[in-house]
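Contents: one structure, followed by commentary.
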Amino acid sequence: MNVPYKTLAAITFALLAGQASAAEKITIMVGGMEKQIYLPAKLAEQLGYLKETGLDIELLSEPAGVNAETEMLSGAAQGVVGFYDHTIDLQARGKMVESVVQFSQAPGEVILVSKAASARIKSPADFKGKTLGVTGLGSSTNFLTQYLAARAGVKYSEFTTLPVGAGSTFIAAMGQGKIDAGMTTEPTIARLVSTNAASVLVDLRSLKSTVAALGGPYPAASLYMQTSWVNSHKEQVQKIVTAFVKTLRYINTHSAKEIAEKLPPEYYAGNKQLYIDALESGKQMFTPDGVMPAEGPATVLKVLATFDKAVEGKTINLSSTYTTEFVKAAK
């Protein structure tokens, strides 16, 4: 049978387009790869789960979640491993973004007070007149710091937030007296507390302490993507989500020591046991299955509506800020 040239050309083009789509590089920005709150990202890669998808997935680290978000919105990245609260903030700004797999049900962050400022800061009510470190302006650490201050009766105009990143840059800022206190995560917390350079003021590492501080569960670390990209790449999204759900199951069924053994040595920040101890006490923040906690989105909206001018007074469709379609289909 003779196939018309135009038909043959069309078939060839379709096949090549399919191959190109399958080989398309998918870039996922991680808001600080070495942070324990984003452990599932690197661990999925180390366990070989991302490779098993057959997709060309690239993980890139960006210390501040707000910058990772910008990369995604510009099209330079297809997804962000960052805090779920960005999906609500972005919807209020007219950008439709959704969490496709929820890594945690608590922020995994704490507010540390430097040893030098410990006598002057006993609660968030004492933030007035102080300089507080956050990873970046517009970041989730900035969101949560503003809320804790507002809940204690301190206006945003009455204290200063300084973007200092995490890890060594956060430690240096505190050591040099540039910040009196600040919000950060593991392993930075353990590094500062173990040397008595700082103490914990507000602890958001467990579900129980988060509910006490914020009034409900606060779904934090997640993989979020632009809704339009999700809708046009469902097969790829499903493969990625399945890889992360498998990773969350691994975290839930293995010890901190077993997990740490899978990570590159540089993640220990020079003290492997300190890293393991911090992970052992903090890994309860992770969801076992990637499913969004039922009351979580409402808590996050309540927090953001307290101080976020973009969200204040806006009608937010919470059901559009996350989906359980892919986690429920994960095998």
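The values are calculated or read from the model by the stated rules, or taken from the named source; none is laboratory data. Source: prediction; values computed, not measured. Every residue, glycine among them, receives a Cβ derived from its backbone with ideal geometry; neighbour counts consider all protein chains shown. What goes into the accessible areas is simple: the full protein's heavy atoms, side chains included, and nothing from ligands, DNA or RNA. Shrake-Rupley method; radii C 1.70, N 1.55, O 1.52, S 1.80 Å.
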Taking a ≥ b ≥ c as the square roots of the Cα gyration tensor eigenvalues, with a/c under 1.5 meaning rounded and otherwise prolate when a/b beats b/c or oblate if not, the stretch 170-215 comes out prolate
Looking only at aspartates and glutamates whose Cα falls under 17 Å of Lys239's and that sit 8 or more positions away or on another chain, we get Glu24, Glu45, Glu52, Asp56, Glu58, Glu98, Asp289, Glu325
With Rh as the Kirkwood radius over Cα pairs, the stretch 63-112 has Rg/Rh of 0.98
Trypsin sites (Lys or Arg not before Pro) in the stretch 196-254 lying in a DSSP loop, each with at most 16 other Cβ atoms within 10 Å of its Cβ, come to none
Counting only residues 5 or more apart in sequence or on a different chain, those whose built amide H sits under 5 Å from that of Val30 are Leu60, Ser61, Glu62, Val81
The stretch 92-169: relative contact order from alpha carbon pairs under 8 Å, six or more residues apart, as a whole percent, is 31 percent
Everything considered on the Cα gyration tensor (a ≥ b ≥ c; rounded for a/c under 1.5, else prolate if a/b is larger than b/c, else oblate), the chain must be described as prolate
Length-normalised contact order of the stretch 43-138, Cα under 8 Å, at least 6 apart, in percent, tallies to 25 percent
With -39,500 (n - 2.57) per DSSP H segment of 4 or more residues and division by the full residue count of the chain, the 222 nm estimate, nearest 500 deg cm²/dmol, is -12000 deg cm²/dmol
With all protein chains in place and a 1.4 Å probe, His233 shows an accessible area in Å² (nearest 10) of 30 Å²
Within the chain, the percent of DSSP beta bridges that are antiparallel, given to the nearest 5, stands at 55 percent
Per residue, accessible area of the stretch 197-331 with a 1.4 Å probe, heavy atoms of protein chains only, in Å², comes to 44 Å²
Counting only protein heavy atoms and rolling a 1.4 Å probe, one gets per residue an accessible area for the stretch 27-154 in Å² of 31 Å²
Once all protein chains are kept in place, Ile316 shows an accessible area at probe 1.4 Å, nearest 10 Å², of 30 Å²
Percent relative contact order for the chain, counting Cα pairs under 8 Å at least six residues apart, stands at 26 percent
For the chain, longest principal axis from Cα atoms; helix 234-253 axis from its Cα atoms; angle between them, nearest 10 degrees, is 40 degrees
Between the residues Val97, Ala119, Val134, the Cα farthest towards the positive end of the dipole of the stretch 50-159, that dipole coming from +1 and -1 charges on the beta-carbon of Lys, Arg, Asp and Glu, is from Ala119
With +1 at each Lys and Arg Cβ and -1 at each Asp and Glu Cβ, the charge dipole magnitude of the chain around its Cα centre, to the nearest 20 debye, comes out at 400 debye
Within the set Ala213, Ala77, Ala166, GNM on the chain using Cα springs under 10 Å gives the largest fluctuation to Ala213
Yeah, the stretch 103-158 with a ≥ b ≥ c from its alpha-carbon gyration tensor (a/c under 1.5 is rounded, else prolate when a/b outruns b/c, oblate otherwise) is prolate
Counting only protein heavy atoms with a 1.4 Å probe and every protein chain in place, the carbon and sulfur fraction of the accessible surface of the chain in whole percent equals 54 percent
Here D for the stretch 95-188, in µm²/s, from Stokes-Einstein with a Kirkwood Rh over Cα pairs at 20 °C and 1.002 mPa s, works out to 155 µm²/s
